[in-house]
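K.L.:
One structure follows; several queries about it will come next.
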Amino acid sequence: MLGRDLAGKGYIQLNFFNLFWVFVVCCVLGLVIETVYHMVVVDPGVYQDRAGMLFGPFSPIYGFGAVLMTVALNRFYRSNPLIVFVVSAVIGGLFEAAVSWFMQTGFGAVAWNYSGSTIFGLFPDPVAELFGGRTSTLFMCMWGALGFVWIKLCLPWLLKFINVIPWRARYSFTALCAVLMAVNGIMTLQALDCWFERLSGVAQTAPVERFYAEHFDNVYMEHRFESMTITPQDSSRIDDSALADAVGGTTAPDTAAGSRTAA
């Protein structure tokens with residue numbers, strides 16, 4: 001099958017074409033799974049937009065996580081399921097914690113917080129306490145299960161999906177999609193940065209800043225990133241005294257409710 005590692009060192013060829021579609025497909029699948037989980041477990045019956053990019057039904061943490069899983073587990077596709085589970089859980093948990101730290105340090109943004117999580121309601125979750133709520137035992141186990149299902153079941157299905165793309169169009173189509181995804185990612189980071197600056201009291205004078213203030217203002221960002229809370233004083237880019245001076249002695253309010261929690 002096209003896309004398989006014919007040398008036998010792993011399940012698929014670790015090239016840009018394969019990994020890009022792993023990223024895209026898992027951005028969508030991860031968003032669907034998380035949205036359903038929130039509606040069923042976290043806040044039953046309540047829909048919340050869990051998208052992580054400015055445009056489209058994408059949650060890049062799952063896309064990047066899947067790429068990491070694929071690269072790490074490519075040689076383990078015949079291994080003991082327990083090994084696959086443990087490797088997936090560790091990689092997923094560390095990746096989730098790293099993304100949480102980056103978002104909070106860079107933008108004062110909190111999109112999930114597992115502080116206060118417990119193990120079966122009996123005692124505090126040691127993983128959540130160790131990582132300051134950036135990941136938890138439950139979600140590490142979910143990463144482990146997702147990694148196992150991904151490498152054993154979903155990756156073969158993805159290769160069949162890749163083979164549906166006509167041969168003559170697949171590379172040009174992939175290149176076009178990659179450019180669009182890169183633009184989406186860059187604009188997402190710029191929009192978050194401008195949102196952060198507006199809440200920090202920084203004057204929006206540059207053309208790029210005025211563009212985002214006009215087309216992606218606070219109301220739009222709050223609606224688009226419903227699960228995200230921006231708290232400028234939690235970032236490393238501005239201290240409390242500077243923030244107070246910038247906004248007249250008051251700190252910026254939280255802009256969105258509903259951070260992801262697990263019991």
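The values are calculated or read from the model by the stated rules, or taken from the named source; none is laboratory data. These numbers were taken from a predicted model, which means no experiment stands behind them. Note that each Cβ is placed from the backbone with ideal geometry, even for glycine, and that neighbours are counted across all protein chains shown. Just the protein is used for accessible areas: all its heavy atoms, side chains included, with ligands, DNA and RNA removed. Shrake-Rupley method; radii C 1.70, N 1.55, O 1.52, S 1.80 Å.
K.L.:
Nearest 20 debye, what's the magnitude of the dipole of region 1-88 about its Cα centre given +1 on Lys and Arg Cβ and -1 on Asp and Glu Cβ?
P.N.:
The dipole magnitude comes to about 440 debye.
K.L.:
With a probe of 1.4 Å, find how much accessible area the chain has per residue, and write the answer as a whole number in Å².
P.N.:
50
K.L.:
Which residue fluctuates most in the GNM of the chain (Cα springs below 10 Å): Thr105, Thr135, Thr229?
P.N.:
Thr105
K.L.:
Can I ask one more? Which residue, Gly108, Gly201, Gly65, tops the fluctuation ranking in a GNM of the chain built on C-alpha contacts under 10 Å?
P.N.:
Checking each option, the largest mean-square fluctuation is seen for Gly201.
K.L.:
Another one. Given a 1.4 angstrom probe, I'd like the percentage of the accessible area of the chain that is carbon and sulfur, rounded to a whole number.
P.N.:
Here it works out to 69 percent.
K.L.:
Another question, if that's okay. Check Ile119: other-chain or 5+ apart residues with amide H under 5 Å from its amide H, H built from backbone geometry?
P.N.:
Placed amide hydrogens put Asp125 under 5 Å from Ile119.
K.L.:
Just to be sure I understand the model, the point goes 7 Å from the Cα along the line to the Cβ. What's the resulting Asp217 to Val41 distance in nm?
P.N.:
3.8
K.L.:
Using θ = phi - 60° and the Karplus relation 6.51 cos²θ - 1.76 cosθ + 1.60, list the HN-Hα couplings for region 197-213 in order, rounded to whole Hz, with x at every Gly or Pro.
P.N.:
Here the 3J(HN,Hα) series is 5, 4, 6, 8, x, 7, 5, 8, 10, 5, x, 5, 5, 5, 4, 6, 5 Hz.
K.L.:
Taking the Cα-to-Cβ direction at Asp193 and at Val149 and moving 7 Å from each Cα, how far apart do the two end points lie in nm?
P.N.:
Distance between the two pseudo-spin positions: 3.6 nm.
K.L.:
Given R₀ = 25 Å, what would the calculated FRET efficiency be for Arg78 paired with Cys177, taking r from the Cβ atoms and rounding to 0.05?
P.N.:
The formula returns an efficiency of 0.20 here.
K.L.:
DSSP loop (so not H, G, I, E, B), at most 15 other Cβ within 10 Å: list which chymotrypsin sites (Phe, Trp or Tyr not before Pro) in region 105-144 pass both filters.
P.N.:
Phe120
K.L.:
Another question, then. With charges only on Cβ, +1 for K and R and -1 for D and E, what is the dipole size of the chain about its Cα centre, in debye, rounded to 20?
P.N.:
Around 1640 debye, computed over the chain.
K.L.:
Hey, rough spin-label estimate for Asn163 and Asn15, points 7 angstrom out along Cα→Cβ, what's it come to in nanometres?
P.N.:
For the pair Asn163/Asn15, the computed spacing is 1.6 nm.
K.L.:
Would you mind classifying region 3-69 by shape? Square roots of the alpha carbon gyration tensor eigenvalues, ordered a ≥ b ≥ c; an a/c under 1.5 is rounded, otherwise it is prolate if a/b is larger than b/c and oblate if not.
P.N.:
In terms of gyration-tensor shape, prolate.
K.L.:
Hey, what angle do you get for helix 81-107 against the long axis of the chain, alpha-carbon based, 0 to 90 degrees rounded to 10?
P.N.:
The angle comes out at about 30 degrees.
K.L.:
What is the ratio of the Cα radius of gyration of region 1-160 to 2.2 N^0.38 Å, where N is its residue count, to two decimals?
P.N.:
Normalised Cα radius of gyration, region 1-160: 1.08.
K.L.:
For the chain, what relative contact order do you get, as a whole percent, if you take Cα pairs closer than 8 Å and at least 6 residues apart?
P.N.:
Value for the chain: 23 percent.
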